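K.L.:
Pasting a structure here, questions to come.
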Amino acid sequence: MVISPLHRKALRDLRRLWAQVLAIALVLAAGVATMILGNGAYASLFETRARYYEANRFADVFADVTRAPRALMGEIEAIDGVLAAEARIVKLGLLDLADMAEPGSVLFVSLPENAEVGLNRLHLRQGRLPDPQSSDEVVISEGFAAAHRLRPGAPLGVLMNGQRLELLVTGIALSPEFVYALGPGEMMPDPRRFGVAWLPRASLEAAFDLEGAFSNVVLKLAPGASQDRVIAALDRLTAPYGGIGATGRSDQISHAFLDAELKQLSAMVKVLPPIFLLVAAMLVNMTLSRLITLEREQIGLLKAIGYSARAIALHYVEFVLLIAVLGIAIGLMAGAWLGMGLAQMYAHFFSFPFLVFTRDPQIYVIASGITAAAAVGGAIYAVRAVLTLPPAVAMAPPAPADYRRRQSRLPHVFAMRQTSVMIARHLFRWPFRTLSSTFGIAMSVAILVASLWSFGSINHMIDVTFFRAERHDAQVVFGSPEPLRAVYAARQMPGVMVAEPFRLVAARISHRNLSKRLALIGKIEDPRLSRVLDPALRPMTMPEAGLVLSAALAEALNVRAGDTVTVEFPEGRRPTVSLPVSGISLGYVGLGAAIDITALNRTMGEGALISGLNLQIDAAAQADFFAAAKSTPKTEFVTVTALTISRFKQTLAENITVMITVYVILAAIIAVGVVYNFTRISLSEQGRELASLRVLGFTRAEVAGVLFGELAAVVLLAQPLGWLIGYAIGVSMVAAFSSDLYRVPFVVGREVYATASLVVFAAALASAVAIRARINTLDMIEVLKTRE
Amino acid sequence: MVAGADIVFRAKGLTKVYRIGELEVHALRGVDFQASRGEFIVILGPSGSGKSTFLNIVGGLDAATAGEAWFEDHQLTALDERGLTQYRRDHVGFVFQFYNLVPSLTARENVQLVTEIARHPMKADDALALVGLSERRDHFPAQLSGGEQQRVAIARAIAKNPEVLLCDEPTGALDSATGIKVLESLTLVNRTIGATTLVITHNAAIRDIADRVLRFADGQIVEETVNTTKKNPSEVTW
C-alpha cells in the first residue's frame, strides 16, 4: 500500500510533536473518559436498579399501620389500579451479638407463605429460605452477614419485642427494598449495626402479638394506574388502623438515596465533559495555528506544485483527527476502566445482586463523535488561514510580528525591565491565546475548587449537626410512645447524666397547594442536647405555639416566618390544626419541623407522652449503659452519636477520597496540557529572540525567566478566575445535590482555593521543568545564520 | 596600529572539528591569530572557509576542539557555559546579518535590553544618536527599514561599551547604499569607543576600510594584508 506523502507528513508531524500531541490527547481523553464514566455509571446504575426491581417485583406503594386485620387485604386488593398487594409484619428489634457491645438494630420483615410469588422478592445468595413452619429460622441481609461473618447455620441473637431470642440463620439474601440499607436514626448505611432479618410470618405474628394482622402493606400498581389515587384510597382504608399515610417509591428510603446518587451522576456528566472538550478545542486551535504559521512556506510550495487548498486543509484536519483518535482511544480505555472501578464502588456501597455495567455502544459512539467534533471545531479557524493563503505570499517569509505603538505605555509608567516589557507585549500581541490559556488553566483551578469544597462542607455539616445541634451522646427511641415518667426511669440507667425527652409524630404540613410528610418533633422549651439552630447557628427556644421549620422545608413549602401552615396528624384522633411558622432553622439532613413538646402533646390529646430520649452518657459507664439500654423492653433502637459520626466520616472518606483523586488527576491533565502547549508555542515563536538574548549575554536563567514570566502571568491571572468559576460550579452542584434527604452546605474555606491553586502551580511547574531543557539548548549559532 | 602593542585577542592552533554522523568536518585547522586594541579587521573568505566558526569561538558562542583562544587575560577555551555567557555579557558586542532585534521592543527598548544588564553602559539614546537613529527610537522593528534595523543592532551592540565588536555579514542583507551607511556607523563606532572590531563579509569591496584584512580558506588563514591607507566607507562601492 502506498501512503500518500501528505498522510505520511501527518504521521510524522504526530511523532515529531508527540509531547504536545499527547498533552492535547490527554485532555480529550479526560473529556471522553468523564463522558463514558458518567453516562456509563448513570446508565449502569439506572439499568441495574430497573432490572433488579423488575425481576424481584419491587413494590410501588408502601404503608405502615399499627395493626390492621388481614381481612382488610381484600379491600386493599380491590382498589382500582392495584395489581398485587402484600400484607407484612415489619418491626424493628435490637441485636444481641457477642461480637458487638454497642447497640445495633435489626429490621424484622415477614416472608409471605410462598416467597416465590410475593413482592420485594428476596435474592437468595447463600443457603435457603426459612421453613414456613419454623419459629426460629431466619434469612439475613448480605451486608450485615458479611460484617459479622455470619453464614447459614450460625446463631443470631436478637431482642424481639423485648424478648431475647436465638435465631438460626438459614440463608443470606438481598432485597430490592434495601439496596441502600439505612438503619433507624442513621445518616449512612452501617452493615455492622443494622441488618434486615426475614422470618416466616408466624414467628413474627407471635412475637409482636399480631396474629391475623399486619403492620405494613406494599402494593404493586397496574401499569398506568394513578399512584396518588391509589395512595388516597389506601390511606382511607388504613386510617382506622393507625395508618399514617402511604408513600410512593420516591419516598422509600433506599430508592430515594439511589435517586440522589443518579442525580449527582447526571450533574457530573453535564459539568465535566464540556469543560474538557472546550479546553481541548482551544488547545487544538493554538497548536495548529502555530504549526500552520511554521509551515507557511511548505503550504505555499504544496499549493505551487498543484495541491488544492482543500487537500492541504484536509491534511491538517487529518492531523487533528489523528490526535482526536489517540485521545478517544485513551479516553475509552480510561473510561471503561474507571467505570469498572465506580461499578465496584457501587457494588460495595449498594447491595445489588448483580451490576449491569452497560457497554452501550451508543455512548461510546456519541462520546467519540462529540470529541472528534470538538477537536475539528478547534482546528477549523486555524485551517481557514491555509485556504486563503495565496502560494506566492505563503512562500515568502512572514513579515516580522508587528507590535504597534498603541501597545501600552505601561512599561514606562511602571519602569519595567525590557524583558518584562517583552513578556507583556507578547501576551497582548496574542490576546486570544492569552485569554484562552488563562481560561483553560482557570478551568483546572475551577474543577479543583468545585471538588475540594466538599471536605470543608462535610466537616461543617458534621460540626453543625453533631456538635452544635445534636449534642447528645446517645438517643433511645421507644417502640411506641411512653408516658413522661420514662424520663425518670432513664435517669436511673447506668451512665446517664442528662436525659431530655422528645416526641415524634407523623405529620403532613401543608401550605397552599404544597405539602410535605415528615415526622414532627416535639422538644422541650430550651433543649440542651438536641438544639434547634437558627441560620446564624444560635440555639432557638421552642415557641410556645407555632412551628420552627428547617430552611429546606420552608423552601419546599414556600413559607416564611409569620406564615400559617396546616398540620394534619394521621395518628391517634387525627387532629388537623393551623399553626404559625415562628422561625426558620438550619438543618442539613432531611426535612425538619420542631414544636414545643407540651404544645404537641396538647394537640394530640393523648396525655404527656414521649417517643424517646436524648442522653448524655458518662463515657466511663458506656458499656453498662449499652447493656441496660438493650435490655429495656420499651427500647426500639438506640443510636450512638460517636458511632454515627465515625461511620459517616468513614463512608465519605472512602468515597470522597476516590472522587477527589480522580478530580485532581483530571485538573492536573488540563493544567499540564494547557501550560505545556502554551509554553511550547511561546518558545517556538520567541525561540529566535530568546537565543538572541543568550548571544547578548543573558544567562540561561534570565532567558528562561522571559518564557516563564509569561507563563506565570497567565497562571496567576487564571487563579482568581478559576476560583470564581469553581465557586459558581460549586453553587450549582449544591443545588443539584440537594434533595429532601439532605442538603449540602456550601462552605468554601480559603484552604480550598489555596489547595486548588497549589495543585495547578505544581502541574504548571512540572510542565515548565519539562520545557526548561529546551531553553537551555537553544541554538545560538543557528539563529544568527537564518532568517525567521 | 602596531601589532603586539596592546593585544586584545590571541589564538594559537585553534581547531574546530564537527562530527556529523560518521563524517568529520574540519571547520578550523589550527588558526593562529592576534588582534590589538581598537583594530578594525575585515575577514574574507568563501562559504565554509571557517570564518564564522572562528568568530563564534572568539565571541564565546562556540567551543574549540583544540588550541587556545585568549581575550585579554581570559582563556576563552577554558571557560564553561556560564563563564562564556559572562564574557559575552561584559565584553562583546554582536552584529548579525539578520539584525536579531526583539520585535516586541522599540529601537530604544532593544538598546535598553543590553544597557540594563551591562556594567558600564552608555545611555541608550546616545548609542542611537551615534548610529543616527535618534528620530526613530520609538519605532518597532517592523516599522524600520533593513538598514535602520541593522543600525539599531549596532547601537545595541555598542551600548555596553564593549571591548570587542563582532560583526557577521552585517551588510549581507542590505543593498549597497544602505550597506555603506551601516559601515559608516561601524567605523564611527570603532573610532569613538575604540572597540576592536572584527567584520566577516563576502564582500571584497569592504576590505579597503579595514586596518587589516584576513582571508580564510579551508579552515585556515591563508592571507593577511595590512592596509597602509584606509578608505572611508563612502569611498567604496559594490
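K.L.:
Do you know which residues of the stretch A:669-712 lose at least 50 square angstrom of accessible area in the protein assembly compared with their chain on its own, with a 1.4 angstrom probe?
P.N.:
Those are A:Glu689, A:Val695, A:Leu696, A:Gly697, A:Phe698, which lose 50 Å² or more relative to the chain on its own.
K.L.:
Another question about this same structure. From the P(r) of chain B, can you give the percent of Cα pairs sitting at distances over 27 Å?
P.N.:
32 percent
K.L.:
Mind giving me the FRET efficiency for A:Leu294 and B:Ser176? R0 is 45 Å, r the Cβ-Cβ distance, nearest 0.05 is fine. Intermediate results must be reported in sequence, preceding the final value.
P.N.:
Working: r = 33 Å, r/R0 = 0.74.
The computed FRET efficiency comes out at 0.85.
K.L.:
Magnitude of the Cβ-charge dipole of the stretch A:90-209, K/R +1 and D/E -1, about the Cα centre, nearest 20 debye?
P.N.:
260 debye
K.L.:
Name the residues of the stretch A:759-788, by number, that are at least 30 Å² less accessible with every protein chain in place than in the isolated chain; the surface is that of heavy atoms, probe 1.4 Å, without ligands or nucleic acids.
P.N.:
A:Met780, A:Ile781, A:Leu784, A:Lys785, A:Arg787
K.L.:
Among B:Ala205, B:Ala64, B:Ala195, which one shows the biggest mean-square fluctuation in a GNM of chain B, springs joining Cα atoms closer than 10 Å?
P.N.:
The residue that fluctuates most here is B:Ala205.
K.L.:
Okay, moving on. Pick out, from A:Ile328, A:Val356, A:Leu342, the residue whose Cα sits farthest towards the positive end of the charge dipole of the stretch A:284-363, with +1 on the Cβ of Lys and Arg and -1 on the Cβ of Asp and Glu.
P.N.:
Among A:Ile328, A:Val356, A:Leu342, the one farthest towards the positive end of the dipole of the stretch A:284-363 is A:Ile328.
K.L.:
Using only Cα atoms, locate the centre of the stretch A:432-484 and the centre of the stretch A:181-206, then give the distance between them in Å, rounded to an integer.
P.N.:
29 Å
K.L.:
Could you tell me how far the Cα centroid of the stretch B:110-184 sits from the Cα centroid of the stretch A:554-574, in Å?
P.N.:
86 Å
K.L.:
What does the average come to when, for each residue of peptide B:104-117, you count the partner chain Cβ atoms lying within 10 Å of its Cβ?
P.N.:
On the way: counts 16, 9, 7, 0, 1, 7, 3, 1, 3, 10, 5, 1, 3, 9.
Neighbouring Cβ atoms belonging to other protein chains average 5 per residue here.
K.L.:
Which GluC sites (Glu not before Pro) in the stretch B:1-50 sit in a loop by DSSP (not H, G, I, E or B) and have at most 10 other Cβ atoms within 10 Å of their own Cβ?
P.N.:
Within the stretch B:1-50, the qualifying GluC sites (Glu not before Pro) (loop, at most 10 other Cβ atoms within 10 Å) are B:Glu22.
K.L.:
Continuing with the same structure: What share of the DSSP beta bridges in chain B is antiparallel, in percent to the nearest 5?
P.N.:
Beta bridges within chain B, antiparallel portion: roughly 55 percent.
K.L.:
Right, next: When you look at the Cβ of every residue in A:417-426, what mean number of other chain Cβ atoms sits within 10 Å?
P.N.:
Numbers: counts 4, 15, 5, 0, 7, 6, 1, 1, 7, 3.
Across A:417-426, the average partner-chain Cβ count within 10 Å equals 5.
K.L.:
What shape does the stretch A:141-266 have by the C-alpha gyration tensor, where a ≥ b ≥ c are the square roots of the eigenvalues, rounded means a/c under 1.5, and otherwise prolate means a/b greater than b/c and oblate the rest?
P.N.:
On the way: a/c = 2.26, a/b = 1.24, b/c = 1.82.
Because a/c hits 1.5 or more and a/b fails to exceed b/c, the stretch A:141-266 counts as oblate.
K.L.:
Tell me which residues come under 5 Å, amide H to amide H, from A:Arg70 once H is placed; ignore anything under 5 positions away on its chain.
P.N.:
A:Ala213, A:Phe214
K.L.:
Have a look at B:Val42, A:Gly104, A:Ala424 and report the one farthest towards the positive end of the charge dipole of the protein assembly as shown, computed about the Cα centre with Cβ charges (Lys/Arg +1, Asp/Glu -1).
P.N.:
Sorting the options by dipole projection puts first B:Val42.
K.L.:
Calculated FRET efficiency, A:Glu54 and A:Ser266, Cβ-Cβ r, R0 22 Å, to nearest 0.05?
P.N.:
Details: r = 22 Å, r/R0 = 0.98.
For A:Glu54 and A:Ser266, the calculated efficiency is 0.55.
K.L.:
Would you mind checking which residues have amide H under 5 Å from A:Leu533's amide H? H placed 1.01 Å from N; only 5 or more apart, or other chain.
P.N.:
A:Met540, A:Leu586
K.L.:
Here is a further query. Could you compute the FRET efficiency for A:Thr598 and A:Val731, with r as their C-beta to C-beta distance and R0 at 35 Å, rounded to 0.05?
P.N.:
Plugging the Cβ-Cβ distance into 1/(1 + (r/R0)^6) gives 0.30.
K.L.:
Could you tell me which GluC sites (Glu not before Pro) in the stretch A:466-554 are loop residues by DSSP with no more than 16 other beta carbons within 10 angstrom of their beta carbon?
P.N.:
Sites meeting the loop and neighbour criteria: A:Glu525, A:Glu544.
K.L.:
Around A:Pro390, what is the net charge, scoring Lys/Arg as +1 and Asp/Glu as -1 over all other residues with Cβ under 12 Å from its Cβ?
P.N.:
+2
K.L.:
State whether the stretch A:90-209 is rounded, prolate or oblate according to the following rule on the C-alpha gyration tensor (a ≥ b ≥ c being the square roots of its eigenvalues): a/c under 1.5 gives rounded; otherwise a/b larger than b/c gives prolate, and the remaining case gives oblate. Write out the running numbers ahead of the final one.
P.N.:
Numbers: a/c = 1.38, a/b = 1.19, b/c = 1.16.
In terms of gyration-tensor shape, rounded.
K.L.:
Among A:675-688, A:366-379, how do they line up from the highest to the lowest mean number of other beta-carbon atoms within 10 Å? Don't skip to the answer; put the middle values down first.
P.N.:
Values: A:675-688: 22.6, A:366-379: 20.6.
Highest mean packing first, the order is A:675-688, A:366-379.
K.L.:
Another question, then. Compute the signed sum of charges (Lys and Arg +1, Asp and Glu -1) over the other residues within less than 10 Å, Cβ to Cβ, of A:Met188.
P.N.:
For residues surrounding A:Met188, the net value is 0.
K.L.:
Please label the shape of the stretch A:470-644 as rounded, prolate or oblate, based on the square roots a ≥ b ≥ c of the eigenvalues of the alpha-carbon gyration tensor (a/c under 1.5 means rounded; beyond that, a/b larger than b/c means prolate, else oblate).
P.N.:
Values: a/c = 2.25, a/b = 1.63, b/c = 1.38.
Prolate, because a/c is 1.5 or more and a/b exceeds b/c.
K.L.:
Right, something else. In debye, nearest 20: dipole of chain B around its Cα centre with unit charges on the Cβ of K, R (+) and D, E (-)?
P.N.:
Dipole about the Cα centre, nearest 20: 220 debye.
K.L.:
Within 10 Å of each Cβ in peptide B:91-102, how many partner chain Cβ atoms are there on average? Round it to a whole number, please.
P.N.:
5
K.L.:
How many square angstrom of accessible surface are buried between A and B, both sides summed, with a 1.4 Å probe and rounding to 100?
P.N.:
3100 Å²
K.L.:
Whole Å is fine, so just give me how far the alpha carbon centre of the stretch A:500-528 lies from that of the stretch A:585-631.
P.N.:
That distance is 13 Å.
K.L.:
May I ask which residue of A:Leu6, A:Ile584, A:Val32 lies farthest towards the positive end of the charge dipole of chain A, with charges of +1 (Lys, Arg) and -1 (Asp, Glu) on Cβ and the Cα centre as origin?
P.N.:
Selected residue: A:Leu6.
K.L.:
Please compute the length gained on full extension between A:Ser134 and A:Arg538, using 0.36 nm multiplied by the number of residues separating them and subtracting their Cα-Cα distance.
P.N.:
Once the chain is fully extended between A:Ser134 and A:Arg538, it gains 139.9 nm.
K.L.:
Also, I was wondering about something else. So in the protein assembly as shown, what percent of DSSP beta bridges are antiparallel if you round to the nearest 5?
P.N.:
In the protein assembly as shown, DSSP labels about 75 percent of beta bridges as antiparallel.
K.L.:
Sticking with this structure for a sec: Give the carbon-plus-sulfur fraction of the accessible surface of the stretch A:90-209 in %, rounded to a whole number; probe 1.4 Å, heavy atoms of protein chains only.
P.N.:
48 percent
K.L.:
For the stretch A:146-255, which GluC sites (Glu not before Pro) are both in a DSSP coil and crowded by at most 10 other Cβ atoms within 10 Å?
P.N.:
Qualifying residues, ordered by number: A:Glu211.
K.L.:
Which value, in Å², gives the accessible area per residue of chain B when a 1.4 Å probe is used on the protein heavy atoms?
P.N.:
40 Å²
K.L.:
³J(HN,Hα) across the stretch B:135-146 via Karplus (A = 6.51, B = -1.76, C = 1.60, θ = phi - 60°), whole Hz, x for Gly/Pro?
P.N.:
Computed from phi, the couplings for the stretch B:135-146 are 5, 9, 5, 9, 8, 7, x, 5, 9, 10, 6, x Hz.
K.L.:
At 18 Å minimum axial length over the Cα atoms and a Kyte-Doolittle cut of -0.5, report the qualifying DSSP H helices in chain A, or say none.
P.N.:
Those that clear 18 Å and a mean of -0.5 are A:18-55, A:253-294, A:309-349, A:361-388, A:431-462, A:641-695, A:700-737, A:750-776.
K.L.:
Using amide H atoms built in the peptide plane, which far-off residues or other-chain residues are under 5 Å from A:Gly183 H to H?
P.N.:
Excluding prolines and chain starts, which carry no amide H, the hits are A:Asp190.
K.L.:
Let me spell out the model: positive unit charges on the Cβ of Lys and Arg, negative unit charges on the Cβ of Asp and Glu, origin at the Cα centre of the protein assembly as shown. What dipole size does that give, in debye rounded to 20?
P.N.:
2160 debye
The values are calculated or read from the model by the stated rules, or taken from the named source; none is laboratory data. These numbers were taken from a predicted model, which means no experiment stands behind them. A quick note on method: Cβ atoms are made from the backbone with ideal geometry, for glycine too, and the neighbour counts reach across all protein chains shown. Just the protein is used for accessible areas: all its heavy atoms, side chains included, with ligands, DNA and RNA removed. Shrake-Rupley method; radii C 1.70, N 1.55, O 1.52, S 1.80 Å.
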